[in-house]
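Just so it is clear, none of the values below were taken in a lab; they were calculated from the coordinates. In this text the structure is predicted, and so the values were computed from the model without any measurement. Here the Cβ is made from the backbone with ideal geometry for all residues, glycine too, and neighbour counts use every protein chain on show.
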Amino acid sequence: MAQSKIDWLKSTIRDIPDFPKPGIIFKDLTTLLNNAEAFAYVIDVLAAKYQPMQPAYIAGIEARGFIIGSALAYKMGTGFVPVRKPGKLPYQVERQSYQLEYGSDSVEVHVDAVPDGSTVVLVDDLLATGGTALAAYQLLGKVGANVVGIGFVTELSFLSGRCKLPANVDIFSMLSF
C-alpha cells in the first residue's frame, strides 16, 4: 500500500482522547466505516490479501469485526462466522476465556460454526494487546477450523499484541499506529 494511501486512510480515523479512561487515545474507526471510499478500499485490500488462501469462511470478532468480516465474506463469496461475547448466541457454544488488564472475559462461537478442517480467516478492526484475537483463534481451533490468516484494519504496534498471536499464521494489519 502506497504511503499516500496509508496517510489518507489514517486521516479517516478519529482520535478520541481519554476514552475509555484517562491517558488512552481511542482510535475510532466508525469514521472510516462512514466513508464509503475508505470502507470499500479496506475491504478490497483485505480481499486481495486473503483471496489466494481460498478461505471457506471469514470469522469476525464482535462488534466491529462483524462489520469488516461480513463485508469481506460477501466480497469473497464465503460464509461468515460471528465470534461473540458470552450469552449472545442462541445454540450450543464453545467458549474461550482470556485475561484482560483487570480481570477476564470470554468469546463464544456455535459448536457447528464450521465443518471440521475448514479454512478460515479471522478479522477484526483493531489489534491492541492481542488477548481477544488469540482467544478467538483458539476458539475457532476448538470447533475444527484451520485459521490461515488473522487480519486487522489497524494495529497499535506499541502494545505488542502481535507477539501473542501464533507464529504459524499469517498476521496482517493495514495500518499501524
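Between residue 155 and 127, 175, 176, 177, the built amide H atoms are under 5 Å apart, and every one of these is 5 or more places off in sequence or on another chain. When each of the peptides 113-124, 158-169 is scored by how many other beta carbons lie within 10 Å of its residues on average, the order from highest to lowest is 113-124, 158-169. Working note: 222 nm ellipticity from helices only, DSSP H runs with n ≥ 4, each -39,500 (n - 2.57), summed and divided by the residues of the chain, gives -9000 deg cm²/dmol to the nearest 500.
Look at 39, 152 and count the other Cβ atoms within 10 Å of each Cβ; fewest to most, that gives 39, 152.
Chymotrypsin sites (Phe, Trp or Tyr not before Pro) within the range 45-91: which are DSSP loop residues with at most 15 other Cβ atoms inside 10 Å?
Details: sites: 50, 57, 66, 74, 80, 91; in loops: 91.
Counting only loop positions with at most 15 other Cβ atoms within 10 Å, the chymotrypsin sites (Phe, Trp or Tyr not before Pro) in the range 45-91 are 91.
Within the chain, the whole DSSP H helices whose Cα atoms reach 20 Å or more along their own axis and whose mean Kyte-Doolittle score is at least 0.5 are 36-50.
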